[in-house]
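Structure record follows, encoded as structure tokens.
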Amino acid sequence: MNRETYRILPYYGYNYPINSIRPIGPDTPVVPSHPPYTMMTEVEFINRKYDELFSQGLKGTPITPVSPTQDGGFYRHYRGPYGDWSIYYHPKTKAHYIQGPIRERWASLGWERSPLG
């Protein structure tokens, strides 16, 4: 059985276990076991934007998987009670959604391959 002394260190709202061979006092400097950041994928960015929109009352069912665009971004189309809409993500612009007549016009021009980009 591991009898190593261990303590939970509060760090930016998360608790990281810190293992030590010697007892830890209140003035002992302690380093977190890993940095307090996460790597998010484009799917997670799109899902977070969907959760934000859902909390504001915009509902929809995904009708496409998360797919790449030609300029390095990603998108997913949704079908809701008031028509189709989309969430686009690009590292430079982050996640945003588009719906209604603007989305329809953009689709008729060729999406991101149109002169509008």
> Is it true that some residue in region 98-110 is part of a strand (DSSP E or B) and closer than 20 Å to Phe54 by Cα?
Replying inline: yes
> Do you know which residues across region 51-69 are of a type in the set (S, T, N, Q) and more than 22 Å from Thr93 (Cα to Cα)?
Replying inline: Thr61
>> I want to confirm something. Restricting to region 49-92 and keeping residues that are touching a strand residue (DSSP E or B) at 6+ places or on another chain (Cβ under 9 Å) and in a helix (DSSP H, G or I), which single residue is farthest from Arg103 (Cα to Cα)?
In response: Glu52
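Read-outs: derived from the displayed coordinates by stated rules, not from any lab. This is a predicted model, so every value here is computed, not measured. Glycine also receives a Cβ, built like all others from the backbone with ideal geometry; neighbour counts cover every protein chain displayed.
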